[in-house]
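Structure record follows, encoded as structure tokens.
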Amino acid sequence: MVKIHHINCGSLQRDPASLKVLCHCLLLEDANGLALVDTGIGVQDILYPLERIGKVTIDQAGFNFDRSDTAVSKLNNLGFREDEVKHCIISHLDPDHIGGLADFPQATIHVSAVELQSFLTGDPRYRPQQLAHQPLLKIYTDFNESWFGLTAQRVVLNFESAVYLVCLPGHTLGHCGIAVQQKDKWLLYVGDAYYLRDELFIADHPVNELAALAAMDNKLRLESLKKLEILVQAYRREIELFGYHDPSEFK
């Protein structure tokens with residue numbers, strides 16, 4: 001069974017009065033190598049923030065730049081080397097999720113075809129500099145499997161545990177969650193399908209306005225949120241889920 005490490009790879013805070021949110025990634029440890037689930041803010045982002053992210057995005061999202069919060073630093077603290085990371089599994093290609101990719105140039109990047117297509121349209125929310133190192137891409141197009149009733153595709157890793165990309169569109173058009181098998185249970189990372197877990201239970205939560213503004217398709221975002229709400233109610237014993245930003249979920 002793959003061993004899961006929860007690692008925080010950055011933080012965002014728009015102003016001192018606002019909530020400081022995290023970049024909650026996963027490190028999957030398997031006998032056949034390591035895999036990162038999203039990569040947070042990277043070393044290159046810290047060295048060249050304006051070139052890689054841009055002042056507008058930095059100010060709007062409230063990027064904090066701390067080298068100790070990079071995936072490289074967290075891996076090293078756990079006793080691993082960068083070249084042991086064989087795969088990076090990506091929920092979507094927003095800059096706060098993929099800044100660390102350039103720190104693992106040998107890794108295969110697993111991403112949905114819809115998300116990559118969106119990235120290549122020139123939409124200003126994406127930063128093409130973050131794929132400028134031309135990594136090897138494994139692109140998923142079929143999504144012809146079902147994971148607890150949700151459209152999914154198994155990720156090709158050759159790991160002991162099954163890992164799936166799970167379609168949760170809305171925040172971006174190709175946005176996916178990542179499900180990791182743990183014996184008879186599952187851990188589901190939902191990315192930015194919600195910003196705060198309370199969105200699952202409080203329809204008029206104040207963060208909904210921000211989430212709607214950031215969504216490429218808000219109708220799809222709300223549909224994905226509803227699917228997660230049903231999943232929590234129906235499979236609370238089988239599935240543990242968490243999002244990328246909520247600091248209350250990082251333990």
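Quick notes on this structure:
- If only residues of region 185-217 that are touching a Gly at 6+ places or on another chain (Cβ under 8 Å) and outside any loop (DSSP other than H, G, I, E, B) are counted, the one that is nearest to HIS245 (Cα to Cα) is ARG197.
- Residue check, LYS20 surrounded by fewer than 18 Cβ atoms within 10 Å (Cβ to Cβ), in contact with a strand residue (DSSP E or B) (Cβ under 8 Å, 6 or more places away or on another chain), modelled with pLDDT of 95 or more and not polar (S, T, N, Q): yes
- Selected residue (criterion: farthest from the chain's Cα centre (by Cα)) from residues of region 10-36 that are at negative phi and among the small types (Gly, Ala, Ser): ALA17
- Scanning region 23-56 for residues that are open to solvent by less than 10 Å² (accessible area, probe 1.4 Å), small (Gly, Ala, Ser) and touching a strand residue (DSSP E or B) at 6+ places or on another chain (Cβ under 7 Å) yields ALA35, GLY40.
- Residues in region 117-138 that are in contact with a helix residue (DSSP H, G or I) (Cβ under 6 Å, 6 or more places away or on another chain) and within 10 Å of PRO95 (Cα to Cα): TYR126, ARG127, GLN129, GLN130.
- Whether a residue is over 26 Å from CYS9 (Cα atoms), among the aliphatic types (A, V, I, L, M) and more than 15 Å from the chain's Cα centre (by Cα) was assessed, and ALA211 does not pass this test.
- Residues in region 219-251 that are small (Gly, Ala, Ser) and either surrounded by 15 or more Cβ atoms within 10 Å (Cβ to Cβ) or not in a helix (DSSP H, G or I) (or both): SER224, GLY243.
- Hits in region 114-130 - residues which are open to solvent by 30 Å² or more (accessible area, probe 1.4 Å) and assigned to a helix (DSSP H, G or I): VAL114, GLN117, PRO128, GLN129
- Within the option set ASP192, ASP184, ASP246, being more than 18 Å from the chain's Cα centre (by Cα) and either over 26 Å from THR141 (Cα atoms) or acidic (Asp, Glu) (or both) holds for one residue only, ASP184.
- Counting the residues of region 144-180 that are crowded, with 17+ Cβ neighbours inside 10 Å, within 19 Å of CYS88 (Cβ to Cβ) and more than 15 Å from the chain's Cα centre (by Cα) gives 5.
- For beta carbons closer than 9 Å, sequence separation of 6+ or different chains, a first residue in region 80-102 that is within 19 Å of ASN158 (Cα to Cα) and open to solvent by 10 Å² or more (accessible area, probe 1.4 Å) and a second that is in a strand (DSSP E or B) and among the polar types (S, T, N, Q), the qualifying pairs are LYS86/THR108; HIS87/THR108.
- Filter result (modelled with pLDDT of 95 or more and either of a type in the set (Lys, Arg) or open to solvent by 100 Å² or more (accessible area, probe 1.4 Å) (or both)) within region 201-218: LEU213
- Residue ID - nearest to ASP94 (Cα to Cα), chosen from residues in region 57-71 that are β-branched (Val, Ile, Thr) and open to solvent by less than 30 Å² (accessible area, probe 1.4 Å): ILE58
- Look at (1) open to solvent by 30 Å² or more (accessible area, probe 1.4 Å); (2) over 14 Å from GLN130 (Cβ atoms); (3) not in a strand (DSSP E or B) and you find that ILE4 fails only one, number (3).
The values are calculated or read from the model by the stated rules, or taken from the named source; none is laboratory data. Model, not experiment: these values are computed from the prediction. Heads up, the Cβs are rebuilt from the backbone with ideal geometry, glycines too, and the neighbour counts pull from every protein chain shown. Accessible surface areas use protein heavy atoms only, side chains included; no ligands, DNA or RNA. Shrake-Rupley method; radii C 1.70, N 1.55, O 1.52, S 1.80 Å.
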